[in-house]
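See below for the structure under consideration.
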Amino acid sequence: MAQISPAIGAAGAGVRIAARPRSRARRAWWQWLDSISIVGLCLVILAGALFHVWQHIHVVRQGYELERFRDVHAKLVQANKSLRLEAGQLRSLRRVEEIARTRLGMTTPKPGQVILIPESPIQ
């Protein structure tokens, strides 16, 4: 077989096909777009990190507030118990009788001084 010589202007062993040169404006546009996408990605990551930190701080503050409310609740429960105990002691019949005898000068009624009235059926 005979070797056919390459045609003029065809890609041969010594000829390279050069890429079409891009214009500077188009190259600058792609560089700008790459920069913007990198900055956007960094902003998204930063926003996510800031949201995570804010959420953590918020949870910690809520935990402290919850503990403070639990302490207030425990103090109020204790105060309620002591007030109920004090109210029970103040209502004691022995105490009422002692005050009636000492402060008011009352005495035990004599047998003829107490008159029982029957309950009325109409109320």
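The values are calculated or read from the model by the stated rules, or taken from the named source; none is laboratory data. These figures come from a predicted structure and were not determined experimentally. Cβ sites come from the backbone with ideal geometry, for glycine too, and all protein chains shown count toward neighbours.
Here are some notes:
- Residue 107 fulfils the conditions (1) at pLDDT below 95; (2) out of contact with any Lys or Arg (no Cβ under 8 Å at 6 or more places or on another chain) except for a single criterion, (2).
- Qualifying residues in region 1-46 (those that are basic (Lys, Arg) and assigned to a helix (DSSP H, G or I)) - the one modelled with the highest pLDDT: 27
- Failed item in (1) assigned to a loop (DSSP other than H, G, I, E, B); (2) among the polar types (S, T, N, Q); (3) at pLDDT 95 or above, with residue 78 passing the rest: (1)
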